[in-house]
Every structure is written in C-alpha cells, then in structure tokens.
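Enquirer: Below is a structure I'd like to ask you about.
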Amino acid sequence: MRPLLPLTALTLALLAPPVWAKDIKAVASFTVLADIVRNVGGTHVTVTSLVGPNGDPHVYEPSPQDAMALKQADAVFISGLGLEGWMTRLISNSGYTGKVTVASTGIHTRKMTDDGKVVTDPHAWNDISNGVIYTRNVVAALSAADPADAADFKRNGDAYIGKLQALDAYAKARFASLPRAERKVLTSHDAFGYFGAAYGVTFLSPVGISTDAEPSAKDVAHLINQIKKEHVAAYFFENSNDPRMVKQIADATGAAPGGELYVEALSPPNGPAATYEAMFRYNVDTLYTGMTRAAR
C-alpha cells in the first residue's frame, strides 16, 4: 500500500470548490445610494433604484414592480436612519430573505427637533465625507455577495472614495472664502443639517425632517421673523419638493431666489445632478453663487 502524500496548500486549493464570479442584481432604495452602488459594482452589478430621479424617499409609495425587483435581488441597500419608513413592509411583502445593508452604518449621526420630538437626521449623504462611509459599506456588502470580484469592488471603491474626498476639500475651500454672516439660506425642508455642519452654512426651512408634514402658521411666522433678524438674503427650493411654501416665505422676507438644489434625489440623466458627485458639486456651486449674488 502506497503511503498517503501530505496535503499541500496547492493541493487543498485544487480540491476546494471554485469560487465563481457572478453578475449581482442589486436594489437600492433611492437614486443617491443607487449611484454609489453602481460606482463600486462596475460591470459586475446591475442596480435598480426604487425611488426614481426627482423622487421623494420620505413619501414614496412602492409598486408591485418594486416588490418583484426585491424578490429577484442578490443584494439590497437602504440608507437607514428612518429615511425609508416604507421599506420594511415592502421587503417583507416581497419575499426577499437575503441581507439588507444599511449603508449609513458607522455614521456619526445628528439629532434634531422635528414636530416637538428629538429625532435622528437621516440625510447623512449631504456631508460627502459620509459618502465615503456609505461607499465602504457597499464595498463590504458586494464583496460578501460576490467574493470572486472582491478585488474589483475594492479597487472601484478606493478610486471613488478619492473623488469624494476631493469634493469634500473643494466644498470646504469654496465656503471658507465667504464671510460666515453671508452663509445663511432658506430651503424647502430641513435636509441640509449634515451639509451645514460640515461646511459652515446655516440653513433655515419651514418643513422639518420629513416632507410629509405641514408647518403651522405660528411656525411660519416665527421663521419669517428669524430670517429677517438674521438677514438671510437667499432662498433655494429642492427638486423633490413643492416650492410654493418656501417662495411665500421668501416673498414675505425679501430673500432673493438662489436656484434649485438636489437633496434627496438625483436629476434625470440629462439634468445637472445625474450622479452623486455631480449633485454635490452642483449644490456647492449653486449655494455659493446664490449667496454671493444676494450679498451684493
């Protein structure tokens, strides 16, 4: 009888079942997150965004097509922090049983008062340094779903993070050139808290954390007085929200129009904010231009 030969690392590798690369079907809750997944996944991932361009993730009403997309998904991504209140029921009804990645995991969250309650602000991606954390979480999730392509996901993620960090530095330098007294604006709802904290801009708004709310007459009157007192010179409306309320307040305070901002949804492909990178740069430039023009 011939003696058994020792198993070398090479032999074990040959005996192990192969790890095959595969195309991943990923579903993301809204367009900003979908774009991050698309940048990390590259050619290995097909991404579906449930909320479309110019959509509002606070009040979105899922469709049967959304449930079908989830059922067929290999990976599901949500932002979390209370942004997508409709998502838990949709996942349950869809029959999807895989992992749901909360892309905001690890974010240093902000608290805010909304309708008399202290809540977590869900709009973390508007500080683009948080986008770096989102990206790292996406890299980890896709690598777990498709280990054979993990090196590509890491390479794509590292390159993308470099672009986001350059945009973070760009925004800080841009706003640092303005006196702090001029860095005050009126927006549609309270979605720029992370942006304001990161880049030194004060945002005032008539609607709180969610667009699914109506400010009282008392709240509007208080905001008008605050805007006048703090000499807020420019107002901006958001692509995913009704601009009428912010325009009415601007008319009562004399604030000048500064343009449209993209806060919770990307623009369609032919618009100025078709990617997360484009959205952020567009918001920085639009805010900067609007504030400097109003201050003249």
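Enquirer: Past 28 Å, Cα to Cα, is the threshold; run Lys117/Lys184; Lys25/Lys111; Lys25/Lys163 against it and keep the listed order.
Expert: Check vs 28 Å cut-off fails for Lys25/Lys111.
Enquirer: Report ³J(HN,Hα) in whole Hz for each residue of region 260-266, in order, from the Karplus equation J = 6.51 cos²θ - 1.76 cosθ + 1.60 where θ = phi - 60°; Gly and Pro get x.
Expert: Ordered by residue, 3J(HN,Hα) equals 9, 10, 10, 10, 10, 8, 6 Hz.
Enquirer: If I stretch the segment between Thr109 and Gln65 completely, what's the gain in nm (0.36 nm per residue apart, minus their alpha carbon distance), one decimal?
Expert: In short, 12.6 nm is gained.
Enquirer: By per-residue mean of other Cβ atoms within 10 Å, what is the highest-first order of 29-40, 76-87? Kindly include the intermediate steps, with their values, before the conclusion.
Expert: Details: 29-40: 26.2, 76-87: 20.8.
Top of the packing list down: 29-40, 76-87.
Enquirer: Something else now. Give me, ordered by chain and number, the residues 5 or more places off Gly259 or on other chains with an amide H under 5 Å from its own placed amide H.
Expert: Amide H neighbours of Gly259: Phe237.
Enquirer: Have a look at the DSSP beta bridges in region 24-168 and tell me what percent are antiparallel, nearest 5.
Expert: If we restrict to bridges inside region 24-168, about 25 percent are antiparallel.
Enquirer: Enumerate the residues in region 36-76 having an amide nitrogen under 15 Å from the point lying 7 Å beyond the Cα of Thr97 toward its Cβ.
Expert: 71-74
The numbers here are math on the coordinates, done by the rules we state, and not lab data. Predicted model only: the values in this text are computed from it and were never measured. Quick reminder, even Gly has a Cβ in these numbers, built from the backbone with ideal geometry, and neighbours come from all protein chains shown.
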